[in-house]
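The structure follows.
The values are calculated or read from the model by the stated rules, or taken from the named source; none is laboratory data. Since the structure is predicted, the reported quantities are computational estimates derived from the model, not experimental observations. We place every Cβ from the backbone using ideal geometry, glycine too, and count neighbours over all the protein chains shown. Ligands, DNA and RNA are excluded from the accessible area calculation, which covers all protein heavy atoms including side chains. Shrake-Rupley method; radii C 1.70, N 1.55, O 1.52, S 1.80 Å.
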Amino acid sequence: MSDLSEKDIDVFIEAVGDYFKKTTQEAASVGVAYLARNAFPMNDFTGMIKVSADYDGILYFSAPSAMLRHLLTVMKETNQSDENLLDAVGEIANTISGNARKYFGENMVISIPEKVAGLPSSFNQQARYYAYVIIIKWKHYSASLIVDISRKR
Amino acid sequence: MAIVNNTNTFNKYSGLLIAVTLFLLFNLSVLGLNFYTSSTLDNDAISINLAGRQRMLSQRTAKVLLTIQVDAAQGKFNDKNTAELKKVVLLFDATLNAFKSGGQVLGGDEKAVTLNKVSDSAATKAVDAALTIWQPYKQLLTPVINSQVVEESSLDAATDYARDHNLKLLTLMNDLTTQLEKNTKAKAGNLKLIQTIALVLSLLLFGNIVFNALRKLRAADGEIEKAQRETTEILNTVKEGLFLLDPELLIGTQFSSSMNKILQHDISAKVPFMPILEALVSAEVFSQATNYISLLFGNKVKENLILSLNPLMQVRVYSTTSNNIASAPRYLSFQFNRVIEDKRVLHLLVTVQDVTEQVTQAEELLKLKGQSNINLDFLRKLLEADSFQLQQFLKNTNTGLSALNTILANADKRASNHDDLANQCFRIVHSIKGESAAMGLEAIEAYAHQFEEHLSLLRKKTNWDTQEVLSLPVMLSALFDQISQIEVIVNAIQLHLESANTTQKQTSVSSSISHNLTRLAAQVSQNQNKNVRLNLSLALLDQVETKTAIQLQQIGIQLIRNSICHGIETAAARAAKGKPPHGEITISTQMTPQGAIHFSVRDDGQGIVPARIRAAMVASGRYSIEMVDQLTDKEVVKKLFEPGFSTASTADKDAGSGVGMDLIQSLVNEIGGELKIDTKPDVFTQFTFRIAQHKAPAINLESNLFDSTVNVLERVT
């Protein structure tokens, strides 16, 4: 078996899309998809999932604070503290991890999602030669889904 | 076939047929017996009647005799009485003798009837006793009958005998009658009994027939029902799609339930199959399939012979729904078997299988196989390659791929559509493909070709789903991986050479490019099964910038491919035109007195023929006949530079993707200069690129197509 396929990557994207559709009735869509090396388009708040077993690497969902604030507003959440914004990004990461667990099964061991404000510390160690960057659009905001996961050969 | 069927039917219903035959035979026998008994009873009736008449005759004899005696006492004689006596006596005598030994007598209606002799003992006894009395009586009566006058003595003797025996004779005749009646009654009783028994037996036989017939019918119905149930069970369980196709191409009444899932279409009985197929496969495959199916319905074609022609043996199908799961590539396999009766094709049994998994696995295996080949083949090729050229190739490829990635990253910032995006990617990948082919790096060339094919598919779609959007970075990543592997190896070789204090023989740019182009021409002409000689004169390339030389090499690569695939004819076609069997391609560099460099590629093929381009434009479906007719020949030739346009009807690894000329145009734009095309049908085509770096890029179309020598300079942007 070779590398991650488009179907594998789509599982993560669908999770984000489904999350937005369920909570806001408005689906998120894919803007562009490209490759990145040493220059991930990180935003204010980031949810991270580390994977192991047959796979190795990290998945990031990074969203700007304005997007998360708008999301909380739509969800009728008035408390828009940084903590709550972090929780929102963490919940999205949780949804992604749930979907991935269902799809990859025991071949992919997924850690408990971590959430950070600002740049994550693990940022410098890349699992892939080139990571996949998918810009996800919701309303006029753009979030980044960065799939830096490789399959062990 | 028909005989076997008849035998089977006979075996199946033999019991029933035998029973019916027996029933008929039995009834016929009973009918015969009835006829026989009825005729016996007729005879018995005659006997009874005549026996009764004997009683009457015995009394009339006595009465007439006594009348004659009374008349005689009065001295009278009436011959009428004598005549009557004679008649009565003769009738009684004949009848009594007939009772004794059978014979003809006069019946009641004065007609002769046959009287059977009596057979049972009581009747025989009565007849014998009556004869004993009658014989002397008759003798005594004879003189009375024969006398014409009254003879008192014989009359008295007869009268006395009559007085003594008349009653006894009457009693005997009475006994005979009674006995005969009794016999007849007994016979009639027997007949009734026989008829009753026959009727009962007949009813039993009939009942048996009906019972057996019903049992057989029920058994047959049961078998049919069971067969139907089994068929339904099979159709409900079987994984494959199974159905019958009739000559009107309608789906039969029974089909497997997996059909809906496999074809992703709601199937019902008697719906036309072709529209369902049309929605699944490409237009080309559909038209091939239509022909193939009509061929199968032809009674004269042998099924085995055309088996290999089946265009649906393994076919990629397109989803009609838009959700992501369904839009993953699927492969189906359709098999057709003819159902023949009386040498006529009644139906086609169609078996459809989803072979996506097998195909994917095979592709996966092929990929793995390719990868393992890469290592050995690559190492050899890399060791052989000129290190400078290799470094240049890696640099160019990395630059190209990074540019492609930038295009992807900025896709939504441009106003361009998907078609445009695919075209931009196509140009880069095509250039990598060409260069890797020239370097002899077949694995990279094959991968780039795969990438191109994928882009061709995407180019046809107006909307890309998420997985299609993702497929581009996925393929790009794989190509980056391959290039990075080569980099690792190349660096290792370089280090090894440096540590061994040896350096590779430095070859000039021109000889390296010559080497690459020669290798490419050999490979493409072999693929296309054409005989081509390549003449190169590229020494001047050492005097231009390396980057420009590499770009010119790229132009050379595309034009060599075009010449071999589109320009140079097959050996047979060339022979027909009186040309030498091998085609010739000449690539040369020349310096003008003004110091400008001309890079030209010339082939002696069929030339650029506007009519062919017009036909290809119409066939591409992008242009209508009217639109094509409105264009001048020069405008038509310019279409060759349009992305995605090709005069080839099918694309292969070497040509037909419609991107080569587009790439040349972008290289010309990049380097800066002027591209001139000269061509004459069936004689030659020459592309001349005048490099003038500070001039705006342009394409000059000069054509000898119409024996004109008009030079037209047109700006292409």
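From the set of residues in the range A:52-62 that are under 26 Å from A:Glu83 (Cβ atoms) and of a type in the set (A, V, I, L, M), which is surrounded by the most Cβ atoms within 10 Å (Cβ to Cβ)?
For the range A:52-62, the residue satisfying everything is A:Leu59.
Still on this structure, please answer the following. Among what's in the range A:24-40 and is farther than 18 Å from B:Trp464 by Cα and either in contact with a strand residue (DSSP E or B) (Cβ under 6 Å, 6 or more places away or on another chain) or surrounded by fewer than 16 Cβ atoms within 10 Å (Cβ to Cβ) (or both), pick the residue that is farthest from the other protein chains (Cβ to nearest Cβ).
The extreme case among them is A:Gln25.
OK, next. Can you pull out every residue in the range B:517-547 that is closer than 28 Å to B:Ala596 by Cβ, modelled with pLDDT under 85 and not basic (Lys, Arg)?
B:Ala539, B:Leu540, B:Leu541, B:Asp542, B:Gln543, B:Val544, B:Glu545, B:Thr546
Check B:Gln450, B:Gln467, B:Gln482 and return the single one that is more than 10 Å from every other protein chain (Cβ to nearest Cβ), out of contact with any Phe, Trp or Tyr (no Cβ under 8 Å at 6 or more places or on another chain) and assigned to a helix (DSSP H, G or I).
That would be B:Gln450, the only listed residue that is more than 10 Å from every other protein chain (Cβ to nearest Cβ), out of contact with any Phe, Trp or Tyr (no Cβ under 8 Å at 6 or more places or on another chain) and assigned to a helix (DSSP H, G or I).
Please list, ordered by residue number, the strands (runs of 3 or more DSSP E) wholly in the range A:1-101 having 1 or more residues that are under 30 Å from B:Cys425 (Cα atoms) and in contact (Cβ under 8 Å) with a residue 60 or more places away in the chain.
Ranges flagged: A:29-36, A:55-63.
Any idea how many residues of the range B:365-398 are at pLDDT 65 or above and either in a helix (DSSP H, G or I) or surrounded by fewer than 18 Cβ atoms within 10 Å (Cβ to Cβ) (or both)?
Here the count works out to 21.
To continue, here is another question. Please note which strands (runs of 3 or more DSSP E) are completely contained in the range B:631-717 and include at least 1 residues that are assigned by TED's automatic domain parsing to the domain that holds B:Arg602 and modelled with pLDDT under 65.
Ranges flagged: B:698-702, B:711-714.
Looking only at the range A:78-91, how many residues end up being open to solvent by less than 70 Å² (accessible area, probe 1.4 Å) and modelled with pLDDT under 90?
Going through the range A:78-91 one residue at a time, the tally reaches 1.
For B:Leu457, are the conditions met, namely being within 14 Å of another protein chain (Cβ to nearest Cβ), open to solvent by less than 20 Å² (accessible area, probe 1.4 Å) and part of a helix (DSSP H, G or I)?
Taking the combined requirement at face value, the residue does not satisfy it.
Within the range A:1-60, which residues are touching a helix residue (DSSP H, G or I) at 6+ places or on another chain (Cβ under 8 Å), farther than 16 Å from A:Ile134 by Cα and of a type in the set (Asp, Glu)?
The answer is A:Asp3, A:Glu26, A:Asp44, A:Asp54.
A follow-up question, please. So, in the range B:570-608, exactly how many residues are in a loop (DSSP other than H, G, I, E, B) and buried (at least 18 other Cβ atoms within 10 Å of the Cβ)?
Of the residues in the range B:570-608, 6 are in a loop (DSSP other than H, G, I, E, B) and buried (at least 18 other Cβ atoms within 10 Å of the Cβ).
Name the residue that is nearest to B:Lys117 (Cα to Cα), counting only residues in the range B:71-104 that are among the charged types (D, E, K, R), assigned to a helix (DSSP H, G or I) and open to solvent by 90 Å² or more (accessible area, probe 1.4 Å).
Per the stated criteria, the residue is B:Lys87.
Is the range B:264-276 home to any residue that is assigned to a helix (DSSP H, G or I) and either surrounded by fewer than 11 Cβ atoms within 10 Å (Cβ to Cβ) or out of contact with any His (no Cβ under 6 Å at 6 or more places or on another chain) (or both)?
yes
Could I ask something else about it? Suppose the filter is at pLDDT below 90 and closer than 19 Å to B:Arg338 by Cα; does B:Phe255 pass it?
When the stated conditions are applied, B:Phe255 passes them.
Please go through the range B:506-535 and pick out each residue that is open to solvent by less than 60 Å² (accessible area, probe 1.4 Å) and more than 58 Å from the chain's Cα centre (by Cα).
B:Thr507, B:Ser508, B:Val509, B:Ser510, B:Ser511, B:Ser512, listed by residue number.
Tally time: how many residues in the range B:232-262 are over 18 Å from the mean Cα position of the chain (by Cα) and loosely packed, with under 12 Cβ neighbours inside 10 Å?
4
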